[in-house]
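The values are calculated or read from the model by the stated rules, or taken from the named source; none is laboratory data. This one's a predicted model, so the numbers in the text were calculated from it and none came from an experiment. Here the Cβ positions follow ideal geometry from the backbone for every residue, glycine too, while neighbour counts run over all protein chains shown.
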Amino acid sequence: MKQISTLIASLTFSILFFEKSIGLNLSIFTVLTIILLAIYNPSTFKSRITLLHALAYLITAVVVFVNHSVLSILTNCAAFLSLVGSVSKSNTSVYIRWLNGTYTTIASFFHRNFQVDNHEKVNWKKDIDVMHWAKLIGIPLIFIITFVLLYKNGNPLFNDLVSKIHLNFINLQWLLFSALGYYLFNNITKPVQVEPATSLDLKTTNTLLKSEKISEEKLKKEKQLGTTLLALLNVLIVLYIITDVIYITSTNTVSAPDLSNQVHSGINTLIASIIIAIIIILYFFRGHLNFYSKNRTLKNLTYLWIILNIVLVVLIVLKNHNYITSFGLTYKRIGVHVFIILTLFGLLTTYLKVLHIKNLTFLFRINAQVAFIVLITLSVINWDSTITTYNLEQARSFDIDYLIDLSDRNAVILHEKKNTIRISQTEKNRIETKYTNYVNNLMQLDWQEFYYELYTMKIKK
């Protein structure tokens with residue numbers, strides 16, 4: 001029964017994707033994948049974690065259908081690996097799920113059938129009589145071909161009949177693509193685990209364990225070093241923040257290059273500061289110093305430094321916001337905000353690590369999960385449309401060439417607003433050309449490639 005359902009799934013895979021671009025087909029594939037995984041792994045789908053990953057995977061499929069962006073497609077692929085990895089072992093870290101999902105998708109068949117220590121591997125001699133199948137297929141085929149050649153020479157009418165038989169309808173590429181689909185579904189319906197990474201992850205807790213061997217004198221010296229270093233770094237970052245605030249409040253920056261330099265230099269400072277801060281904190285709170293009774297001053301200085309770095313993040317937010325308000329949105333400016341969000345989570349999780357005496361694994365686990373959630377959230381937004389709408393309606397100035405060079409996802413908006421904004425006739429012609437090409441491409445799509453906007457947009461001539 002499994003072989004039949006996998007074969008049907010592989011044929012569906014070819015119908016959906018062979019020589020087709022991404023659209024409705026990816027959403028159908030997502031639903032099909034979830035159904036097959038649930039059918040062949042019913043016990044795993046009783047897990048709340050697996051159900052949440054299935055829901056996330058389904059949401060990303062809807063987002064692909066609605067937004068049809070590269071980011072949404074990549075997010076759907078990441079959610080696919082995460083779901084397959086969750087079916088493999090649901091209570092592992094998110095990066096182990098990605099590892100298991102990737103390994104299952106690529107090599108599950110070979111893992112199950114050829115791994116030496118796998119008790120469930122196929123016994124080819126016992127389970128599959130290879131010689132029998134070779135005889136059953138090969139011997140009749142040889143004799144059929146031989147007699148067809150003989151009969152062709154002996155009967156002109158039979159020769160004409162055979163000559164009219166063409167096998168042009170057989171598409172070798174389509175067959176190979178179907179075989180790829182069969183291999184894919186055969187792999188994911190029975191996910192496997194990468195060892196020893198999976199078992200090691202399951203055994204590792206988030207809590208830092210206290211060792212019995214603690215040198216009081218060594219801890220005292222390390223605490224003194226940490227306290228001195230963090231005290232000086234706190235003074236330094238306070239001076240930097242004060243001068244930065246004075247600069248922001250006393251300088252009326254109007255040119256794009258000046259604002260760009262402010263933001264980029266601030267981001268470079270932030271990156272270096274955060275990396276160094278986290279490394280220093282992780283070094284001093286890597287072990288015994290977490291349990292030292294006289295570490296209160298060091299912890300307070302650490303908390304203060306984290307807070308001051310958050311203040312530094314806020315200053316960068318203000319600079320970037322000022323930049324966006326003046327000169328509009330771009331993907332790089334959006335990327336700055338995304339980095340800021342991830343930085344804030346990194347600082348907060350570092351604070352929790354010190355406060356609750358967590359280990360490095362805790363930071364990897366929670367920040368990888370946050371990054372995955374942020375990725376899904378970002379994919380929900382149609383960024384080309386958002387950038388175009390904001391720049392044309394909210395920004396004090398905008399770069400029309402940048403907007404025209406974005407993907408076709410903003411073609412309709414540009415076409416609707418081209419007569420309401422102050423641009424040259426040449427730029428209006430470029431917009432008209434972009435819109436016409438976009439509409440023509442939509443009209444040529446097959447049903448597998450459809451996406452939401454095709455059903456909702458009003459084609460303007």
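Quick notes
- Test: residue in region 19-27 that is surrounded by fewer than 21 Cβ atoms within 10 Å (Cβ to Cβ) and part of a helix (DSSP H, G or I): no
- Unique residue being under 24 Å from Val192 (Cβ atoms), at pLDDT 90 or above and not in a loop (DSSP other than H, G, I, E, B) when the list is Leu71, Leu7, Leu32: Leu32
- Among the conditions (1) closer than 21 Å to Ile373 by Cα; (2) surrounded by fewer than 19 Cβ atoms within 10 Å (Cβ to Cβ), the only one that Thr350 does not satisfy is (2).
- The residue pairs whose first member lies in region 286-310 and is in the same structural domain as Leu348 (by TED's automatic domain parsing), whose second member is outside any helix (DSSP H, G or I), and whose beta carbons are closer than 6 Å, counting only pairs six or more residues apart or on different chains, are His288/Ile214; Leu289/Asn295; Asn290/Leu208; Asn290/Ile357; Phe291/Lys210.
- Among the residues of this structure, Leu363 does not count as one that is part of a helix (DSSP H, G or I), assigned by TED's automatic domain parsing to the domain that holds Leu282 and surrounded by 15 or more Cβ atoms within 10 Å (Cβ to Cβ).
- Any hit, region 78-97, residues being crowded, with 22+ Cβ neighbours inside 10 Å and within 27 Å of Leu454 (Cβ to Cβ): yes
- In region 39-66, the residue that is farthest from Phe364 (Cα to Cα) out of those that are of a type in the set (S, T, N, Q) and out of contact with any helix residue (DSSP H, G or I) (no Cβ under 7 Å at 6 or more places or on another chain) is Ser43.
Residue-by-condition table, conditions (1) surrounded by 21 or more Cβ atoms within 10 Å (Cβ to Cβ); (2) of a type in the set (A, V, I, L, M, F, W, C):
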{"site": "Phe284", "(1), (2)": "yes, yes"}
{"site": "Ser293", "(1), (2)": "no, no"}
{"site": "Leu298", "(1), (2)": "yes, yes"}
{"site": "Leu304", "(1), (2)": "no, yes"}
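- Output for region 182-205, where each listed residue is within 16 Å of Leu360 (Cα to Cα) and in contact with a Ser or Thr (Cβ under 6 Å, 6 or more places away or on another chain): Asp201, Thr204
- Subset tally (residues that are farther than 10 Å from Ser385 by Cα and not in a helix (DSSP H, G or I)) for region 399-418: 2
- Inside region 245-277, residues that are modelled with pLDDT of 75 or more, loosely packed, with under 11 Cβ neighbours inside 10 Å and within 33 Å of the chain's Cα centre (by Cα) make up a count of 1.
- Subset of region 64-82 [closer than 17 Å to Ala371 by Cβ and either touching a strand residue (DSSP E or B) at 6+ places or on another chain (Cβ under 6 Å) or of a type in the set (A, V, I, L, M, F, W, C) (or both)]: Leu71, Leu74, Cys77, Ala78, Ala79, Phe80, Leu81
- Within region 327-351, residues that are closer than 21 Å to Lys299 by Cβ and free of Cβ contacts under 8 Å to residues at least 24 places away in the same chain have Cβ atoms under 7 Å from residues that are among the aromatic types (Phe, Trp, Tyr) and crowded, with 18+ Cβ neighbours inside 10 Å in no pair, counting only partners at least 6 apart in sequence or on another chain.
- Identity of the residue in region 414-438, among the β-branched types (Val, Ile, Thr) and buried (at least 18 other Cβ atoms within 10 Å of the Cβ), that ends up farthest from Leu16 (Cα to Cα): Ile423
- Number of residues in region 55-68 that are closer than 24 Å to Val192 by Cβ and within 15 Å of the chain's Cα centre (by Cα) equals 4.
- Scanning region 286-337 for residues that are more than 30 Å from Phe398 (Cβ to Cβ), modelled with pLDDT under 85 and part of a helix (DSSP H, G or I) yields a total of 4.
- Meets criteria (of a type in the set (A, V, I, L, M), buried (at least 16 other Cβ atoms within 10 Å of the Cβ) and without any contact (Cβ under 8 Å) to a residue 24 or more places away in the chain) for Ile280: no
- Boolean, Leu403 is outside the structural domain of Gly328 (by TED's automatic domain parsing) and within 26 Å of the chain's Cα centre (by Cα): yes
- Selection over region 420-439 of residues that are within 16 Å of Ser397 (Cβ to Cβ), touching a residue at least 12 places away in the same chain (Cβ under 8 Å) and not β-branched (Val, Ile, Thr) gives a count of 1.
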